[in-house]
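Below is one structure, written out as structure tokens, with a few remarks after it.
The values are calculated or read from the model by the stated rules, or taken from the named source; none is laboratory data. In this text, all values refer to a predicted model and were calculated from it rather than measured experimentally. Note that we place each Cβ from the backbone using ideal geometry, even for glycine, and neighbour counts take in every protein chain shown.
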Ligand SMILES: C[S@@+](CC[C@H](N)C(=O)[O-])C[C@H]1O[C@@H](n2cnc3c(N)ncnc32)[C@H](O)[C@@H]1O
């Protein structure tokens with residue numbers, strides 16, 4: 001699915017969120033770089049928006065972006081080249097990361113975690129490749145809350161977004177899958193508990209009235 005939407009992925013992100021997705025990544029970037037890490041792994045990096053932002057914010061950090069869809073990585077490599085930014089982008093499955101234990105000072109994952117076939121396994125892998133004291137920052141869409149605003153958000157996800165997505169990408173299924181995956185995603189408090197169980201000390205904040213949430217886990 002991600003291979004088929006790769007060429008239009010960035011455009012759709014900006015259109016569907018009216019550019020707010022970049023402000024969420026900025027907040028997550030500040031949290032990830034708080035302790036001035038020497039190395040960061042951006043898991044499910046896609047077209048590398050987050051990986052590039054991390055490198056621009058802290059040029060001394062060594063950034064590796066990992067994703068299992070080559071077409072997304074290709075778009076990311078082109079962007080890095082055009083912007084003259086030196087990051088490494090390589091293929092890897094988040095559920096079986098091709099890195100040794102205790103390899104990275106920080107790990108980020110924006111809008112990728114929700115797609116994993118097994119959340120516990122993903123968290124175990126995040127924990128394994130981080131150095132002790134290293135921080136994992138997960139940015140995701142929690143399910144919409146009850147009430148009027150949540151109702152509007154559900155309407156947007158179920159009706160507006162699939163229509164816009166299929167018009168711009170030409171792929172209908174990709175943007176019906178997105179709302180389904182958001183509705184099925186754990187509430188922020190549940191994800192926080194899952195991170196604790198995986199061996200992290202946790203905190204989180206909700207962004208834009210609950211449209212997104214950013215979780216921070218420090219490896220115990
Ligand atoms: C919605 S995109 C997010 C991309 C990017 N992080 C961003 O902020 O725009 C989700 C990405 O997760 C990747 N992905 C999903 N499951 C994965 C897995 N198990 N291993 C590696 N990448 C995965 C997809 O290939 C896709 O590029």
From the list 185, 209, 149, which residue is exposed (fewer than 13 other Cβ atoms within 10 Å of the Cβ) and touching a residue at least 40 places away in the same chain (Cβ under 8 Å)? 209
Is the stretch 49-62 home to any residue that is over 14 Å from the mean Cα position of the chain (by Cα), touching a residue at least 24 places away in the same chain (Cβ under 8 Å) and crowded, with 20+ Cβ neighbours inside 10 Å? yes
Please verify whether the stretch 169-176 includes one or more residues that are within 24 Å of residue 40 (Cα to Cα) and either touching a strand residue (DSSP E or B) at 6+ places or on another chain (Cβ under 9 Å) or surrounded by 19 or more Cβ atoms within 10 Å (Cβ to Cβ) (or both). no
Taking the stretch 145-189, which residues are at pLDDT 85 or above and assigned to a loop (DSSP other than H, G, I, E, B)? 145, 146, 147, 184, 185, 186, 187
Of everything in the stretch 45-67, what is out of contact with any helix residue (DSSP H, G or I) (no Cβ under 7 Å at 6 or more places or on another chain) and near the ligand (Cβ under 7 Å from one of its atoms)? Give them in sequence order. 66
Please verify whether the stretch 13-24 includes one or more residues that are in contact with a strand residue (DSSP E or B) (Cβ under 6 Å, 6 or more places away or on another chain) and within 15 Å of the ligand (Cβ to nearest atom). yes
Checking residue 35 against (1) within 9 Å of the ligand (Cβ to nearest atom); (2) surrounded by fewer than 15 Cβ atoms within 10 Å (Cβ to Cβ): exactly one of these is not met. Which one? (1)
Could you check the stretch 95-111 and list, in sequence order, the residues that are out of contact with any helix residue (DSSP H, G or I) (no Cβ under 9 Å at 6 or more places or on another chain) and either within 20 Å of residue 214 (Cα to Cα) or within 8 Å of the ligand (Cβ to nearest atom) (or both)? 105
Look at the stretch 119-144 and say how many of its residues are touching a strand residue (DSSP E or B) at 6+ places or on another chain (Cβ under 9 Å), surrounded by fewer than 16 Cβ atoms within 10 Å (Cβ to Cβ) and not in a strand (DSSP E or B). 1
Name the residues in the stretch 70-94 that are within 14 Å of the ligand (Cβ to nearest atom), in contact with a helix residue (DSSP H, G or I) (Cβ under 7 Å, 6 or more places away or on another chain) and not in a helix (DSSP H, G or I), would you? 87, 89, 91, 94
Kindly provide the set of residues from the stretch 81-113 that are more than 18 Å from residue 32 (Cβ to Cβ) and surrounded by 18 or more Cβ atoms within 10 Å (Cβ to Cβ), ordered by number. 92
Among the residues of the stretch 190-214, the number that are modelled with pLDDT of 95 or more and at positive phi is 1
